[in-house]
Amino acid sequence: PLINTISGVVKLCIVESVMLEMQDPKTGVKSQPQRLVITTIPHAITGEDIVAWLTNRYSIEAEEAWALGTMLVAFGYIYPLQDHKRLVIKPDASLYRFQTPYFWPAQQWPVEDTDYAIYLAKRNIRKKGILALYEQVQYNSLHKWMNHKWDFIVMQAKEQYRAGKERKKPDRVVFDCQERAYWVVHRPPPGTVSAMDYGLERMVLKSIILHSLQHSSCFLCLFSLFSSLVKYSVTYNKHDPFLAPCLPSNPWVTDDVTYWFLNMANVGIPTKMRVERWTFSFGELLSDPRGRDDFRLFLKKEFSGENLAFWEACEDLKWGTAATMNDKAQQVYKTFLTRGAPRWINIDGKTMEVTVKGLKHPHRYVLDAAQTHIFMLMKKVSFTTLILQALLCPSWRPMRGSVDPASVPSSSASWSRRREPGWPPVALWTSHRS
Amino acid sequence: MGGTDECKTMLDALNKVTACYRHLVIALGSTSDSQNLREELKKTRKKAQELAVANRNKLTELLKDKTTSKDDRAEYERLWVLFTSSMELLEVDMKRSLEIGQEFPLKVPTRHLIQTGMTGSTTTVAARAMSVQNMKYDADSNIDTADLKELQAEITQVGQMMEEMEMKVQVAPWAVEAKQEAGAELKSTLSVGNSSVGVISICEEEPKDEIDEGGDNNGMITCIAGFIFVAIVVIAGILGYFVIGG
């Protein structure tokens, strides 16, 4: 929740500013020319220089610098000149080069199959019909399902090939290497691990922490981080078993397991503390299985149960085994996304387009965009309705009562009775959030 | 059928300009970036839009005609799919060039261009797009920032044009059957220079040991062959001398 306060724009800007800093002729990474048989191409950098630069710039250990460097290579910001299929940083004299901004990974520019088909056709021309086996397989499959566009693909491939030949030899070599590197990242050869399996967002965490600690202009970032940390501490203070006493008693201390029984996942009546925790954020409600059950019942009454079902299916896909991914993705498509589906979810046209396109090559995070949309929809609509109804209608009980663990469990206790005179903490929290 | 030939020529031109534009956008932000590149992008883009409008008018005219035969109609729909695919590519590239152009202003000294290894100019690519021999550069020195507003307006225009097209012309793209089969790109480009093969194979890794050994062997064989050749010439000369002399 702390990291989420930084917007997506700032996240990606940080990785790119790391790249820009590396270009500085005085303080950046030292480059050297790469000597090939006929020509010499400048701006080659060694793996050890990259790792050394990262170590010095961010005052981190060599292993962390190596991990960060590998991430830069795995996502395609830097590409190796030798052994182009292995996307790792070798901290020795192996050569790398920076990728051109057009080929940097970006979530707002999804990787198009049309472009891949054009690339394979160009490669076919260059290799005079002799493609690698996996490329041949991809080519045939694309030819089959993109058949209506095939004339365009052939025409465009030929023209791009001819336009490429207009450039001087060294630039031509560089361009071919760049393009090949881009497609190794986004359409990895079989048997290699793709960073795209892990998603672009994951990589950014390390770079954010490193960069924002150093860069003075991220003071605003730090301030917002700090204030959200304070807010977090104030809210969760009473729920932290180290800071506030655990009621009725801490089982580890007194050997009395009542606390655990009261807080089981499938308990009939949840405790007051637990219910209060659900009001802190939508994420809390969903991550508690008992809360999720109650929310599911609530949604059933509101006739929007398919949203939660979709969200759960997305989680299942994200955390499931790789072998079942394809089947699960197909199942989700049939049940939720296709027109006339039994549990059709309402997402906007652009997200739907992106998701359906992504489902042609399903991976773990293909449904991320749609899942986020549905999550925000549930949060803004259903969750807020739930909270407001609980506040404004004291007699209305969205959850089946709550238990005060300090006294004998009583089924008649409800949220409203727990309230002190004045603003209830729930209202304060939700109004503050919005 | 004169209509389709004219259309095909115009589509070929649009296709060529789109391909060149993509090459130019790929050079943005790298060490090949320069004021000239920005001007080349602007000119290529304007040419592409002119061709797009001309193509759209011609194709909508052909498709609106209800009296065309089924075969002709199928052909026009195929051309329409070619046209819309080109336009999609062009639109994406225009948006990307705006984004990268904004991220990499040329005049700011603290903003470094990415050292991609590309250092040559793109003038020949632009000349190919504009169908001229040499490009003339006459823009102001602040084109890298001044052009961006125009680009934004043009992107909106192109977007609107594509929406209008979708509304007016009801063509189902997936119903179109392509004329080219798999591997069609190999025909008619096989004659394109063999000299390029040597350059491109540099990009692949070649283990150094193999090359050196092979080189040595080749050298030995060449020497022996040369020696034998010279010996044969000498013997032929001697025999000839005897034949003529004797």
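Any read-out appearing in this document is the output of simple, stated calculations on the displayed coordinates, not a laboratory observation. Treat the numbers as computed from the prediction; the structure is a model and nothing was measured. Ideal geometry is used to build each Cβ from the backbone, glycine not excepted, and the neighbour counts take in all protein chains shown.
Data for the structure
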item: Above-threshold pairs, the threshold being 30 Å between Cα atoms, out of A:K30/B:K16; A:K85/A:K357; A:K158/B:K136; result: A:K30/B:K16
item: Neighbouring partner chain Cβ atoms per residue of B:129-137, average, 10 Å criterion; result: 0
item: Region A:114-175, relative contact order [Cα under 8 Å, separation at least 6], %; result: 42 percent
item: Cα-projected label distance for B:A127 with A:T235, points at 7 Å along beta-carbon direction, nm; result: 6.4 nm
item: Gain on full stretching of the segment that runs from A:Q82 to A:N266 - 0.36 nm per residue minus C-alpha separation; result: 60.6 nm
item: Cβ-derived FRET efficiency at R0 35 Å, A:F223 paired with B:I155, nearest 0.05; result: 0.45
item: Dipole in debye (nearest 20) - region A:219-309, about Cα centre, beta carbon charges: Lys, Arg +1; Asp, Glu -1; result: 220 debye
item: Set A:K149/B:K8; A:K128/A:K165; A:K350/B:K58; A:K149/B:K95 screened for pairs whose C-alpha atoms are more than 19 Å apart; result: A:K350/B:K58; A:K149/B:K95
item: Centroid-to-centroid separation of region A:300-338 and region B:81-104 [C-alpha atoms, Å]; result: 34 Å
item: Computed FRET value (nearest 0.05) for B:D65 with B:K187, which takes r as the C-beta separation and R₀ as 30 Å; result: 0.35
item: Among B:G183, B:G29, B:G159: highest mean-square fluctuation, GNM of chain B, C-alpha pairs under 10 Å; result: B:G183
item: Within a Gaussian network of chain B (alpha carbon springs, distance under 10 Å), most fluctuating of B:A146, B:A54, B:A74; result: B:A146
item: Relative contact order for region A:51-101, counting Cα pairs under 8 Å that sit 6 or more residues apart, in percent; result: 29 percent
item: Normalised convex hull volume, chain B, alpha-carbon set, Å³ per residue; result: 269 Å³
item: Using a Förster distance of 56 Å, the FRET efficiency for B:I221-B:K179 (Cβ separation, nearest 0.05); result: 0.65
item: Measure of compaction for region A:225-276 (Cα Rg per 2.2 N^0.38 Å); result: 1.36
item: Ellipsoid semi-axes in whole angstrom, largest first, where each is sqrt(5λ) of the Cα gyration tensor of region B:27-125; result: 39, 11, 11
item: B:Q180 long-range amide H proximity, modeled H, under 5 Å; result: A:D151
item: Scattering curve values for region A:48-177, log₁₀ I(q)/I(0), Debye with Cα scatterers, q = 0.11 Å⁻¹; result: -0.52
item: Residue among A:G305, A:T321, A:G340 farthest towards the positive dipole end of region A:300-348, charges placed on Cβ; result: A:G340
item: Computed helical MRE - 222 nm, chain B, DSSP H runs ≥ 4 contributing -39500 (n - 2.57), nearest 500; result: -24000 deg cm²/dmol
item: Per DSSP, loop chymotrypsin sites (Phe, Trp or Tyr not before Pro) in region A:277-308 with at most 15 further Cβ within 10 Å; result: A:F303
item: Three-way shape call for region B:119-163 based on the alpha-carbon gyration tensor, with the a/c threshold at 1.5; result: oblate
item: Hits among aspartates and glutamates - C-alpha to C-alpha of A:K272 under 20 Å, sequence gap 8 or more where chains match; result: A:D240, A:D256, A:E284, A:D288, A:D293, A:D294, A:D404, A:E420
item: Listed residues B:M130, B:M220, B:M165, most fluctuating in chain B (Gaussian network, C-alpha, under 10 Å); result: B:M220
item: Label-point gap, in nm, between B:V92 and B:A54 - each point 7 angstrom along Cα→Cβ; result: 2.6 nm
item: Set of lysines with alpha-carbon distance to A:K300 below 18 Å, sequence-local pairs under 8 removed; result: A:K379, A:K380
item: For residues of B:122-128, the mean tally of beta carbons on other chains within 10 Å; result: 4
